[in-house]
Each structure stands twice: as C-alpha cells, then as structure tokens.
C-alpha cells in the first residue's frame, strides 16, 4: 500500500535527483507539478526528509538564510539514494497494486528512470496484468458454467474491466516507447529546473517554515 511504498520519500528522492533543494522548495514543486498522491503536507514531507537523511539516502549540503526568512537546509541525494530511487521506482512500475496511488506515483516519477529500465518495468507489469485478466476470465466462465446469477459476478467483472483497461494503457505506452515517440533524455530535468527557478517569486509569507 502507499505507506509500505513510502510515496512521499520516493518523490523527495526523485526531485533531489534533478537538483539539490530545501524542503520548502520541494513542497512547492510537489504542488506545482500536481503530485496529488502526496498527502499530509508539509508534515509528511519533513518526516520523509528526516527518514531519508537518517538512512543516508540524502545529505545536507548547505544551510542559508534569505532576508528575514527562517534558515533553511539544502539537501542533495547520495549515490545510495539514487540506487534506492531506481529500485523503488522499478518495483512500483513492475507490480500491480490495489492502491491506485501507487501506479499514479510510479507514472508521475517514471522520468527518473532511464528509458530502457522504464520499458522493462512496464513489460513486467503488462505480463502480470495479462495473467490477472486471464485468471479473471477463467473464473467468470466457471461461474457462468455453474449457473450462478450474473449479479454475483459483477465484482469480478469490474475488476476484469479495470485491469484490462490498465493493460491496454500500459501497452500503448510501451508502443510509444519502443517506437521512439515517447522519450525523456533531458526533458524531465529541464522542466523541473524551470519550475524551480520560476517558483521563487511566488512564495507566500504564510507558507514559510523553519526547515
């Protein structure tokens, strides 16, 4: 589930893989890029930063103060953090999860993976979805053969439709990756850097924190 995957920590690692930043800047990027699966801001973000720093996946690189604003600590990702980011993100993309926020997070952060790795992870997901849809088809056929009322199969019918729709979407993304129509060598990094540089003038005094 979402807590098991630590989606907030994963997002912090992904953002810091692009550039170093302080927690308030990370919060602004999360909001600006509409990563709505991240909840409980700002508390959840600061807790994630503390966990990641404790585990040496990120490390303080500088502290500073601008004007009368509180002092802020800038963090950067470590080599271990980059490896952990890739491992966690591949896991999210490879394995279907009942919590749809997990897939949303994985897709939102997929640009942190090299394209070949993302392609391999999505192929694994497609294979799992194909097996799940085939299993549901067999179950539904068995229920029909046994003469059970159709209403009893609605839950399985819904699950089958939802997984088939996800499978079709994943296959479409794979086709675009394999044809070269979808690619992200530098586009993700450039987009986030531009948002970070543009966002500095939009900070509101009421949102300031001491971290």
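Derivation of every value follows stated rules applied to the coordinates shown; laboratory data play no part. Just so we're clear, the structure is a prediction, and the values are computed from it rather than from any experiment. Every residue, glycine as well, gets a Cβ built from its backbone with ideal geometry; the counts of neighbours run over all protein chains shown.
Just so you know, the averaged projected area of the alpha carbon convex hull for the range 1-129 sits at 7.9 nm².
Classified by the C-alpha gyration tensor, the range 82-132 has an oblate form. Its axis ratio a/c, with a ≥ b ≥ c, is 1.5 or above, and a/b does not exceed b/c.
In terms of surrounding Cβ atoms within a 10 Å radius of their Cβ, 76, 178 rank from fewest to most as 178, 76.
Taking 20 Å as the cut-off, the amide N atoms of the range 28-62 that come nearer than this to a point 7 Å along the Cα-to-beta-carbon line of residue 87 belong to 48-59.
Measuring max minus min along each principal axis, the C-alpha atoms of the range 11-84 give extents of 37, 28, 20 Å (largest first). Would you mind classifying the range 121-162 by shape? Square roots of the alpha carbon gyration tensor eigenvalues, ordered a ≥ b ≥ c; an a/c under 1.5 is rounded, otherwise it is prolate if a/b is larger than b/c and oblate if not. It is oblate, given that a/c is not under 1.5 and a/b is not larger than b/c.
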